[in-house]
Every structure is written in structure tokens, then in C-alpha cells.
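Asks: This structure is in C-alpha cells; I'll ask about it shortly.
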Amino acid sequence: MDASNHNNIAANFIHFPNYTEWCSREGNQQSTLEQYHDELYTHGLHLSKDNKGPEDAFAVFEYLANNGHAGGMNAYGISIIEGDTPDGFRDPSEGYAWVEKSAKLGCPKGQRNLSAYLSEGIVCKQNGVEALRWGYAAIEQGHVEAYNPIGCMYMNGQGVPRDLVKAAEVFQRGVDAGSVDCISRLGLLYQQGRGVSKDVPKAMELFEKATGLGDMMGCYYLGCQYAEGDDGIQKDLCQAFKYYERAAQANVVSAIRNVGHCYENGNGVPQSYEISLQYYTRAAKYDDSWTLYHLGSIYQHGTGVQQDYAKAREYLERAAKQKHKEAICALGFLLSEGLGSTKDPVRAAELYQQSAALGDGIGAYNSGVVFENGQGVPADLLIALDYYKQAVRLKCDLARPLLQPTSYLMTLLHSVGTMCLMGDRGKEAKDHFQAAAQLGHDKSIAELSKMYADALWGNDAVTFDTDMRYFTPPEIPDTTLSILPVELITHIFQFLHPKQCIQLRSITHRMLTLIDNDSFARHLFQFNALLLPSRGERSVHWFDKMLFRGPHAFQVAFVETGLNGIREIGSHELKYVSQTDHKFSEFPAAFLQWTSLTSLQLSGVQLTGAIPESIKYLRSLKEVNLSRNRFDGTEIPSASIMHLDSLEVLLLNACGLIGEVGLEFAAFLKTLKWYSLRKNKLKFAGSTKFKWVGRKSLDKAQVR
């Protein structure tokens, strides 16, 4: 239905005069062709209302679109998108192009619809910025119904971050401006208590108001309320069906689907698979993703119909195009089993992974199965394990037994690791042993311990030339003390240099108590026996901070060792560090990349230069201690520091800082738990006295 094929369409309608006849009528003699088109457009809208003359309306809109009428383009485009054409022709791409042309010609309805399509990203690529631009363009022209798609964007997180409070504000502005569509949406938020305080009576009032003004979405929501029953509204399936049926008559797709559901399950009406199928088929014409998926399931299992895998696949394919995650997974199953088509394990595996990416637990489990068995993808137990873990996170209990220490999958991981070890593929062996060890597989823990012991003793040497790496926490609760030895082996020794994490530390009682059990591979610590603390010692070393205070602490350790800010080195240990360069002279540029750093402890390490403005990028920082450094003659980067939303402690004592402490920065300091700017050459810009030290009640654990 390209425009080039319709440039010569004549306005010969039985139900409306052509241009010559229309101009001959009294009052129209001086009218232009544009005025004729406007009146014909109004006539087309009347024909389309309540399906009084859909085929005639389509013919009118087709003529107007191909003769440059913006409103006609919009109506014609929507008809093609939704398949409201005489022959059921549907082409979302072409329909979207007509709506876009309409919007660019200044049609406010076209702009409103373009905003909705861009926000949903179904018939075009999602673009939240453009959706907002076109929506507000329509509002500027007085088309208040454009508030509705904008509110829906914030309500559903379509193209913008979800913000229910903002959604309620937009819908309320729409209602105040006279938008009918916004009334029922605002009612929905009150019904569910999202973005506003829950108020079901107010929601019912808004639904009734919307219904009275002709918005059948309000009627649909009334049906939903009676179907569920809540907060003083008694459950009434018969009443719910009446509202659904009324909304369905106005082509509200969700209502059409729900009428089908009522007939399928006998809710408020006598049960009838035949009638339910009629309504589901009708809703499917609008590409309703849930309906398409449900029809696919009906034909796949033969529920009330003759089992038909070919039809099941047809409906599931259509639902999959709408990114329905369960439909994508179900389609993958049909293809993997060759039901309704030839077996296609490669595409089945792709579909399972797509479903998992969209958050479907069964899709994640099936992805694990295909990677475990090499069905349509190269076999890879580590990828399979990741998918099984994802399936458990998505509440799929099928995968839970596979993650137990005694499961066949753990045994398989260990076996593959053993074969890799025999084939001199050490890294692959370590990866497989580590994966099983993390989940408590005893034999894998033993093998991994031996591998790391060999590495520590020099059989697989790690040198200081090896790049430092960040600590990654295990996927386990921090309070699960029973598996901390596994954490120690599989994470600490993997990511730290052995000389730095073993030779440059003393073991505290807290660590000694943790590892003093029969299951721990003590031989890893045998050469540290002389460094054990005395019974009365209560020191807390950075290594223990790393284990017990979260993943950021490795980065603290990096600063204290790798950058020579080391405080606990004995003379017998100096052979492992530089004896001539225990200080560094400038603020390390590497900090720019440490966006997860939460603690910066660099007191008294003779830093020079200035505190960089780039500190503002370390948005996770909670504690900053840069006291007793040499920032002589430089100012505090107060604007950058105020970007640190999580900051609780700021210590900048005796740094040679100069300049003024502004009122805004002073107010920021007072929000912290502890700050100190003593022994600098600073002045306060205000007229009142300023305290250079401020301290609230502080947890001792924060002071290191």
C-alpha cells in the first residue's frame, strides 16, 4: 500500500459527495480543497467510531493520506498497523511511516501516536527522548491526550527510568487539562497504590468517570477490580464479565482477551472453549502478546481444540516477535523437539538464551541444559552452570538440585577439570575446579588447594610483573561461614599476588579461628607459622578487612601495598618490596577507573600536587583520609567532593591546603559523620564562626 500506487485515487464515495458536488452546496462555494479534506476527515472519524462503517472509513483515510492530509495519514497509518483494513492487511512498518509523516506535518494526534510507538518500541526502535519530544509537541498544540503516553512511559519504564511518582503527576496534569485517557490510568495507580497512597474508592470513582466519558479502559479496569475484589469491593465475577464485555465491544484488546478467559474458565458465564477461542482469536488480530502465547499453548497441548503443533508454532512465533519471554521459551521447545516443524537445535538454543535474557526462569534452565549437553551450541559446563544459577535466581526450582555439592553436575565439573589438568590445560582445570568448589564440592576444593599450594611454592610462579586484579565476591551470603575457606581459596589466592597476600601480613586471631578446622587446607599457611599473633594481640590487618568488609577492601589493599603506603612491614619482609621507594609522589591516575572504591586511606604517604577534580567520579566513596600529605598551596576541590553522595568521613588534616571554605561546602561538611580540616591555611567565607572539626556519633568499625 505504498503511496506511489495511490496518487490517483478519486474521492468517489457513495456516503459522501465528491469535491465538485460538495462545492455546489450552499455555504461551500468559496471553500478550498483543504477544507473539503478536513470535512471528509471528520466524516471518516464518524464512520470509524463504534465500527459503524469501518471499510468506508478506511477508504476515506486512504484517499486523504495519499492526498497529503496529515490527519488522514495518521488514521490510515494506525489502520495498517492494527490491521483494521477491509482485507485484514497489516504492515506495522508502513503504518508507522504514515504516522511519522503525519507528526512531522504538525498533526497533534499523529504526534501523540508517534510518542506512544517510540516509547513502546514495538513497531519501531524504542527511543525515550524522541517519545517525550513528540508527546510534548502535541501538548503544546493543545492535544491533552498526549499526557497519557508520557505518563505510561514513566509508569512502565518504557524509554525512561520507571518513576511512579512522576507518572502520577503527569496523569494528574492530564486530568486537570481535560484528558479523558489519563483518568483511568490515574485510577489504576490509586487502585494499586503506586506513586500515590492506595485509595480503591477513589480509583473506582475515576474508573466510573472515565467510562462515562467514553474511555472504555476505565470500564476494563472496573472489570478487573470486580474480578479480584479488594478493599471493600466484593469479588463479583458476573459483574466483572459485564464490564469486560462492554469494553470488548469498544475493541479494548485487554478486555477482549479477558472475555475469552472468562469463557475458558467459566468465570461469570457458562464455560465454553468454543466461544473463548473466538475471543482469543479476535484479540490475536491486534497482536496481543499474552493472547498469542496462550493460543500457542492451547494448540500445543490441545486444550479445548484439536492438538496442532503447526498452529501453536505460528502463534508463538508472533508472540516471540513481541518479546514475550515465555512464548520465546515455548517456541524453543517446539523447535528442539521438532514439533510442528523440522528439528532446529541451533535456533532452539538461541531462543532459550533470548528468553533467559528477558528474565524467564525456564528459559535460563533450558539454556543450561543445551550448554551442558552441547545441543545446538558447543558444550560448555561453565556457561551451563551460570545459566542454572540464573534459573535459581529467577525462582526456577528445576535447577536448584543441580547446584548441590553432591549433584552429578558438580561431579562432571570435577571430571572435566581432572582431564584438563592431565592435558596440561591448567587454566581450564582451575576454572572447572573453582566452579565446583564454590558450591562445596569436596574433591574440587582439594584439587584447587593443591593447585594454589603448588603456585605459592613456586611450581607455577606468580611474579610482581603480573597485573593486579580486582577482588570479586562469591555468590553466597556473607554470613555463610562454613564456605569461607572456599572463598579464601577460590577468590583471594586467585586474584592477589601470593607474596603480597601471604608474606606481607600477620595472621590475626579472627583469621586463625576461621581457618582452624579440619576441612581447611592448612598447608597453605604452614610457612607463616612464625607470624601468628600472640594471644593478647588485637590488631586488624587490611587482609582481614578484605575478607570481612566486602569487595571494595581489595582496592584499599592495592593502595596500601601496590602504591607503597604500607604500615605493617617487618625488616625480614623488606626483600619483597622496594627498600628505596616507600612513597609515591603524585595522586595516581588509576583512581579514575576505581568507581566501586568505597574507602580511600592514604594518610601520611607524602602525596604531592593537588587533590584531583576527578575524585568526583568515585561516587561510591564513603571514607576519605588524605591527612598529613603535601598538597601545599592547592585548594580543596569542593565542587568535586560534593558530588560524592555516599561520603560519610572526610579527613584533610595538615595538608598545606589554602583558599576559602564556601558556605555551600560548609553545609555539606555538616552532613557528614566526621570531618576535619585542621592545621591548614584555610579561611571560612561566612560571617559566623566555623568549626574545623565536626564529629557525630560514629561506629568504631568505620575508623581504620
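The values are calculated or read from the model by the stated rules, or taken from the named source; none is laboratory data. Keep in mind it's a predicted model, so treat the numbers as computed, not measured. Note: ideal-geometry Cβ built from the backbone for every residue, glycine included; neighbour counts use all protein chains shown. SASA here: full protein model, heavy atoms, side chains in, ligands and nucleic acids out. Shrake-Rupley method; radii C 1.70, N 1.55, O 1.52, S 1.80 Å.
Asks: Contact list please: Cβ distance under 9 Å, first residue in the range 34-45 and open to solvent by less than 30 Å² (accessible area, probe 1.4 Å), second residue in a helix (DSSP H, G or I) and of a type in the set (Asp, Glu), pairs at least six apart or on different chains.
Replies: Gly44/Asp56
Asks: Given Gly110, Gly88, which one is in a helix (DSSP H, G or I) and of a type outside the set (D, E, K, R)?
Replies: Exactly one of Gly110, Gly88 is in a helix (DSSP H, G or I) and of a type outside the set (D, E, K, R), namely Gly110.
Asks: On to the next question. How many residues does the range 150-188 hold that are within 26 Å of the chain's Cα centre (by Cα) and either over 23 Å from Ile122 (Cβ atoms) or basic (Lys, Arg) (or both)?
Replies: The number of residues fulfilling the criteria is 7.
Asks: Go through the range 167-219 and give me each residue that's open to solvent by less than 60 Å² (accessible area, probe 1.4 Å) and among the polar types (S, T, N, Q).
Replies: Within the range 167-219, Ser179, Ser184, Gln191, Thr211 qualify.
Asks: Taking the range 101-128, which residues are open to solvent by 10 Å² or more (accessible area, probe 1.4 Å) and in contact with a Cys (Cβ under 8 Å, 6 or more places away or on another chain)?
Replies: Ala116, Tyr117, Leu118
Asks: Select from the range 65-82 the residues that are among the polar types (S, T, N, Q) and farther than 11 Å from Ala97 by Cα and list them in ascending order.
Replies: Asn66, Asn67, Ser79
Asks: Still on this structure, I have one more. Output the residues belonging to the range 17-33 that are open to solvent by 40 Å² or more (accessible area, probe 1.4 Å), within 23 Å of Asn66 (Cβ to Cβ) and either touching a Ser or Thr at 6+ places or on another chain (Cβ under 6 Å) or in a helix (DSSP H, G or I) (or both).
Replies: Correct list: Tyr19, Thr20, Glu21, Leu33.
Asks: Sort through Leu597, Leu602, Leu626 and tell me the only one that's open to solvent by less than 40 Å² (accessible area, probe 1.4 Å), aliphatic (A, V, I, L, M) and either in contact with a Cys (Cβ under 6 Å, 6 or more places away or on another chain) or at pLDDT 85 or above (or both).
Replies: Leu626
Asks: Same structure again: Can you tell me which of (1) buried (at least 17 other Cβ atoms within 10 Å of the Cβ); (2) at pLDDT 50 or above; (3) touching a helix residue (DSSP H, G or I) at 6+ places or on another chain (Cβ under 6 Å) is the one Leu398 doesn't meet?
Replies: (1)
Asks: Please find, within the range 287-326, the residue that is modelled with the highest pLDDT out of those that are crowded, with 20+ Cβ neighbours inside 10 Å and outside any helix (DSSP H, G or I).
Replies: His324
Asks: Here's something else I'd like to know. Kindly establish whether Leu164 is over 23 Å from Asn113 (Cβ atoms) and among the aliphatic types (A, V, I, L, M).
Replies: For Leu164, the condition - over 23 Å from Asn113 (Cβ atoms) and among the aliphatic types (A, V, I, L, M) - is met.
Asks: Right, another one. Restricting to the range 252-283, and then to whatever is assigned to a loop (DSSP other than H, G, I, E, B) and among the β-branched types (Val, Ile, Thr), can you tell me which residue is nearest to the chain's Cα centre (by Cα)?
Replies: Val252
Residue-by-condition table, conditions (1) touching a strand residue (DSSP E or B) at 6+ places or on another chain (Cβ under 6 Å); (2) outside any helix (DSSP H, G or I); (3) of a type in the set (A, V, I, L, M, F, W, C):
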site: Ser367; (1), (2), (3): no, no, no
site: Val370; (1), (2), (3): no, no, yes
site: Gln375; (1), (2), (3): no, yes, no
site: Asp386; (1), (2), (3): no, no, no
site: Lys389; (1), (2), (3): no, no, no
site: Val392; (1), (2), (3): no, no, yes
site: Leu402; (1), (2), (3): no, no, yes
site: Met410; (1), (2), (3): no, no, yes
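Asks: State whether the residues of the range 336-359 include one that is over 24 Å from Lys389 (Cα atoms), among the aliphatic types (A, V, I, L, M) and open to solvent by less than 50 Å² (accessible area, probe 1.4 Å).
Replies: Within the range 336-359, one or more residues are over 24 Å from Lys389 (Cα atoms), among the aliphatic types (A, V, I, L, M) and open to solvent by less than 50 Å² (accessible area, probe 1.4 Å).
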